[in-house]
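Read the figures in this text as sums done on the coordinates, not as results from a lab. Computed from a predicted model, the values in this text were never measured in an experiment. With ideal geometry, Cβ positions are generated from the backbone for all residues, glycine too; neighbour counts draw on all protein chains shown.
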Amino acid sequence: MTTVITVPPSLDDHTLEQLLEQLAPVAIDQKVLVDARHTRWASPYGLTALLTLAQSRGTQAAFTGPETEETASYWQRAGFYRYAEELFEMHGHVPRARTTSAESNVLLEITPVAKSDDVHDVVDRIQSKAQQILVNELNLDPMATMRFAMTLSEVCQNIVEHAQTMGWVAVQTYRYRQRLGRRVVVIAVCDAGIGFRRSLESAPGRKLSDRWDDAAALEEAVIRGVSRFRDPGRGQGLAGVRRYVGRWDGKLSVRSGTARISLVPPWDDDLPLREHLSPLPGSQVQITIPERVPQK
Amino acid sequence: MIYHISVSSVLRKTVCDLYTNLVTRPTGVAVRQAIEAALAELPEPNVTVIDFAHVKMLDFSCADEVVGKLLDFYQNAAAQPQRYFLIRGVHDGHLEAIEAVLERYNLAVIVEEEGGALRLVGTLEDGARRAWQVVNAHGHCGPLDIERALGAPAGSATRVLDHLSARRLVMRRDDGFVSLPQSV
């Protein structure tokens, strides 16, 4: 029997939870059909999380894409179908890959990250494309562009160093009407690996606290900079990401297992910590940096 | 003699000749090991400029390997060879990563700015920092010079200068303490 999992009309870090709630009671080996026919929009987090979801299933999941040509075409340009066709059993219309000019809102199409060289490639590509958009359109300081690439490097390295599997990264800009009314640039990094809790548990001689779960592991890693490595230099990557996000009034969200921790800026009303969510293997990171509004 | 190591050249020779960004920990490990191998060939004591010119970006992981671990070995480990470092060719983006690792390891290092002026970055208590500024301004000092310049009590400067010397921020010679550029 195949269970149909309906993708919400707008797929982002919040509405992904609706999708995972539908998936939670379905056994890992049971066939699912991920139905995105009525989806009109997806954030880079939503698209990379769909690929992660496909990787997490014991039986290959089926997928039907958006019926709206505009949406399907955007997902194609964002690089989604290139990898979805490898991971899902595709049903229905699959938009053809076009050789026309790249989508300007897609600063980095969905890109696999498995090894250190991939991180170099991601950083090179973002530097060549991001500068003009981040400085001229989002009014970010040129130095912020450099730090943006540093941030991207660090979050991608988390996959290489901790996930024990490959993952995905995507960077896009879009207008965030719902909460902010401004343009934002968003980094999404998702993997279906071992997640923060198991990564920290693998540290030799580590003593686990009485309250040890996905939320506790996220607090340790994201807030306190704890790493599975004893090396004193470890844990600086996420600390640097936190500083960058704080300085530019951005938002950092990290989901792993059944918990999600967020550094919430004043423009957002998210909860800093969400627990007892429906499970998703691995780690999913989203960084949102808003357009700078010139001071009056 | 001041020795010079171009990090950009080391990166291209040891990791990939197309790379201009110093990112990822494996890259940092490879570059640090190549720098350590080059340092092992040099006589001691010596001053080595670690030059970041032409490195577009330095992330925290690489800064940890190339700056943090390298300096930690020579500044904090007991009985290490007398190697002194100047950092050159850094921009604000590099410095953000470098300062973060210096703080983490409780280290300080001297940065040569574009015009040649020297600046101390990292973690150092105020008294030692002021003493370093005096040595740097004069080029060569003894404890009495420091006490006079800072209005410090007699006998207090020797300990501070010893501390700066142990942290490889000034060089001790038979006739006093010298700033690194003056040491050669």
Using only alpha carbon pairs under 8 Å that are at least six residues apart, calculate the relative contact order of region B:40-184 and give it in whole percent.
21 percent
List every residue whose amide H lies under 5 Å from the amide H of A:Arg183, counting only residues 5 or more places away in sequence or on a different chain, with H placed 1.01 Å from N in the peptide plane.
A:Tyr176, A:Glu291
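Which percent, to the nearest 5, of DSSP beta bridges fully inside the protein assembly as shown are antiparallel?
On the way: 47 of 75 bridges.
Roughly 65 percent of the DSSP beta bridges within the protein assembly as shown come out antiparallel.
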Estimated FRET transfer efficiency when R0 is 41 angstrom, pair A:Leu33-A:Gln295 (beta carbons, to 0.05)
0.20
Tell me, what are the semi-axes, in whole angstrom and largest first, of the equivalent ellipsoid of the protein assembly as shown as set by the roots of 5 times the Cα gyration tensor eigenvalues?
49, 22, 20
Between 0 and 90 degrees, rounded to the nearest ten: what's the tilt of helix B:126-138 against the longest Cα principal axis of chain B?
90 degrees
Explain nothing, just compute: Karplus ³J(HN,Hα) = 6.51 cos²θ - 1.76 cosθ + 1.60, θ = phi - 60°, for every residue of region A:157-171 in order, whole Hz, x for Gly and Pro.
5, 4, 5, 4, 8, 10, 6, 6, 7, 7, x, 9, 9, 8, 9
Per residue, how big is the convex hull around the C-alpha atoms of region B:36-93? Give it to me in cubic angstrom, could you?
89 Å³
Charge tally for neighbours of A:Met150 with beta carbon under 9 Å away, counting Lys, Arg as +1 and Asp, Glu as -1, is -2
Average beta carbon contacts from partner chains per residue of B:63-75, 10 Å cutoff:
2
Quote to one decimal, in nm, the extra length available between A:Trp212 and A:Thr59 on full extension: 0.36 nm per residue of separation minus the C-alpha distance between them.
52.0 nm
If Rh is defined by the Kirkwood formula over all Cα pairs and Rg also comes from Cα, what ratio Rg/Rh do you get for region A:77-157?
1.04
Taking beta carbons within 10 Å but only from partner chains, what does the mean come to for residues B:93-105?
3
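Order by neighbour count: B:Asp17, A:Asp191, A:Asp117, A:Asp214, fewest other Cβ atoms within 10 Å first, most last. Walk me through the numbers on the way to the answer.
Numbers: B:Asp17 9, A:Asp191 31, A:Asp117 16, A:Asp214 22.
Placing the least packed residue first, the sequence is B:Asp17, A:Asp117, A:Asp214, A:Asp191.
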The ³J(HN,Hα) series, computed from each phi in region A:188-203 with the Karplus coefficients 6.51, -1.76 and 1.60 at θ = phi - 60°, rounded to the nearest Hz and given as x for glycine or proline, is 10, 10, 10, 9, 10, x, 7, x, 5, 5, 5, 4, 5, 5, 7, 5
How many angstrom separate the Cα center of region A:46-94 from the Cα center of region A:239-296?
25 Å
Diffing region A:10-18: the Karplus 3J(HN,Hα) column from phi (6.51, -1.76, 1.60, θ = phi - 60°), in whole Hz with x for Gly and Pro, holds 10, 9, 9, 5, 7, 6, 4, 4, 4
Counting sequence-distant residues (5 or more places) and residues on other chains, those with an amide H built under 5 Å from that of B:Arg173 are B:Val178
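Grab the beta carbon distance between A:Thr2 and B:Ala38, set R0 = 60 Å, and tell me the FRET efficiency rounded to 0.05.
Numbers: r = 61 Å, r/R0 = 1.02.
The formula returns an efficiency of 0.45 here.
For B:Val49, what is the net charge nearby, where nearby means another residue's Cβ is under 15 Å from its Cβ and Lys, Arg count +1, Asp, Glu -1? List each step's numbers first, then the result.
Numbers: positive: B:Arg83, B:Arg88, B:Arg119, B:Arg168; negative: B:Asp51, B:Glu112, B:Glu113, B:Glu114.
Taking every Cβ under 15 Å from that of B:Val49, the sum is 0.
What number, in percent, do you get for the relative contact order of region B:37-118 if the mean sequence gap of Cα pairs under 8 Å and at least 6 apart is divided by its residue count?
Numbers: 93 pairs, mean separation 31.2, N = 82.
It comes to 38 percent, rounded to a whole number.
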Mean separation of Cα contacts under 8 Å (6+ apart) over length of chain A, as relative contact order %
16 percent
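How large is the helix-only mean residue ellipticity at 222 nm for chain A, computed as the sum of -39500 (n - 2.57) over DSSP H runs with n ≥ 4, divided by its residue count, in deg cm²/dmol to the nearest 500?
Numbers: 9 runs with 96 residues, N = 296.
Counting only the DSSP helices, I get -9500 deg cm²/dmol.
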Please rank A:Ile28, B:Ile50, fewest neighbouring Cβ atoms within 10 Å first, as an exposure proxy.
A:Ile28, B:Ile50
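Only counting other Cβ atoms within 10 Å, I'd like A:Met166, A:Met150, A:Met1 sorted with the fewest neighbours first. Before the final figure, lay out the partial values.
Values: A:Met166 16, A:Met150 28, A:Met1 5.
By the 10 Å Cβ count, ascending: A:Met1, A:Met166, A:Met150.
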Interchain or long-range residues, amide H under 5 Å from A:Trp41's placed H:
A:Leu11
